[in-house]
Protein chains: 2
Amino acid sequence: MPAVHHKLLLEEALQDSPQTRSLLSVFEEDAGTLTNYTNQLLQSMQRVFGAQNEMALATEQLSKQLLEYEKQNFALAKGDEEVINTLQHFAKSVEELNSLHAELATQIADKMVFPVVQFREKDLTEISTLKEIFGIASDEHEAAMVKYSRLPKKRENEKIKAEVVREVAYCRRKQHQAAMQYYCALNALQYRKRVAMLEPMLGYTHAQHNLIFLYFYWYLKFSYSLY
Amino acid sequence: MPAVHHKLLLEEALQDSPQTRSLLSVFEEDAGTLTNYTNQLLQSMQRVFGAQNEMALATEQLSKQLLEYEKQNFALAKGDEEVINTLQHFAKSVEELNSLHAELATQIADKMVFPVVQFREKDLTEISTLKEIFGIASDEHEAAMVKYSRLPKKRENEKIKAEVVREVAYCRRKQHQAAMQYYCALNALQYRKRVAMLEPMLGYTHAQHNLIFLYFYWYLKFSYSLY
């Protein structure tokens, strides 16, 4: 493995030396590992979101179920008023708890899951698109070079030769451009990486932070209402 | 519908009059409604427990996933130490949050779901068992009475007659006993009903109460550790 630089140098994109290619492969491997890890992380985060969402739905159902007691038409309803009142009280409290869960689910989606989805869709997808474009441009450049090297040496082919030379120059320019875009994206990914890993967890913490005060407020409200 | 009493009177179990049967049917209808409602309530509560349990599992997975970052062997690991440290910090915090969720799941199971399961398995199942026993005893008593009414009036059958009379008396005693047990259980259910409906919700509130302080403590601990 070559001594690893922090950056792919754009000025080396044109020369396309074996050293540069070797360094490129290190950056590519890193991007591949990051893509795999991001996919797994996203799965875990989506599971947390799913659980939070299910919690909101489950408490909503429980709240409704408590209110259903009143509508049961019990044959022996005498003395049920107290039960009905208390269950209504619990239902209201569970409904408020449900709002908290629903709110937390929304925040988890927005502040934790969404940044990772965006990182994957935007940054990581861009890398793989640029890699493809760069591969095609490299192949075309290679093909043009082969065509050039096989040109007959005779003078009467000057016109054809000039055409092939133009083609080689065009392909090299295209490859150079593709390489620079690709290098840029790979360099940028190294900076984005840290933010992409930490931003969603800060979002998650922030969501919990918001919740905790609402939750505490809910608790105080509910506790006092019991007495 | 007859004027509904609060209780099935045990002293009327022997007479087994149409009025008593009518009152019994009111108690039975009430028990049936309560059984249906309890089953639905239990489903809602089990859904809340399931969601809480899934939340514990999901946060556990997320915590582990954050620790996985370190083990990814990134080709470009330079500058990752800070990310690793911060993710470890988050992982620890999520792990503690996971303990809270797991603890809450256990409390929801013990204090909310279990009392309802027990009410169903013990009280409601007892009612349906006693109803069955009472039904069989009533049928047997009926059959013995039919046998008695069809006895030939001749003197020479005294021995057979005495046997049938014994059978009728035995069946009546059995039915009387079954009726008393069944009435007792139905009366008791009316008292148990209120407790059975309110106890799990108090348990749920208590579980939330316990959690809220742990949660708040977790929050303070985590917040301070960030600075």
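The values are calculated or read from the model by the stated rules, or taken from the named source; none is laboratory data. Just so it is clear, the model here is predicted, and its values are computed rather than measured. Every residue, glycine as well, gets a Cβ built from its backbone with ideal geometry; the counts of neighbours run over all protein chains shown. Keep in mind that these areas ignore ligands, DNA and RNA; they rest on the heavy atoms of the full protein, side chains included. Shrake-Rupley method; radii C 1.70, N 1.55, O 1.52, S 1.80 Å.
So here's what we get for this one:
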{"read-out": "Potential lengthening between B:Leu67 and B:Glu132 on full extension [0.36 nm per residue; Cα-Cα distance subtracted]", "value": "17.5 nm"}
{"read-out": "Peptide B:121-128 - average C-beta neighbours from other chains (10 Å radius)", "value": "0"}
{"read-out": "Lysine pair count for segment B:80-227 [Cα-Cα under 19 Å; pairs on different chains or 8 or more apart]", "value": "11"}
{"read-out": "With Cα atoms, 0 to 90° folded angle of helix B:80-107 axis to chain B main axis", "value": "10 degrees"}
{"read-out": "Principal axes of the protein assembly as shown: Cα extent on each, largest first, Å", "value": "145, 55, 36"}
{"read-out": "Per-residue [θ]222 nm for chain A (sum of -39500 (n - 2.57) over DSSP H runs n ≥ 4, rounded to 500)", "value": "-29000 deg cm²/dmol"}
{"read-out": "Distance in nm between pseudo-label sites at B:Leu202 and A:Ser149 (7 Å out along the Cβ direction from Cα)", "value": "8.9 nm"}
{"read-out": "Average beta-carbon neighbours from other chains, 10 Å sphere, peptide A:23-36", "value": "2"}
{"read-out": "Rounded accessible area of B:Thr35 (nearest 10 Å², 1.4 Å probe)", "value": "40 Å²"}
{"read-out": "Between helix B:158-226 and chain B: long-axis angle, C-alpha atoms, 0 to 90°, nearest 10", "value": "10 degrees"}
{"read-out": "Mean separation of Cα contacts under 8 Å (6+ apart) over length of chain A, as relative contact order %", "value": "30 percent"}
{"read-out": "Calculated Rg and Dmax of chain A using C-alpha coordinates, Å", "value": "31.3, 114"}
{"read-out": "Inter-chain shielding of B:89-100 (mean C-beta neighbours from other protein chains, 10 Å cut-off)", "value": "2"}
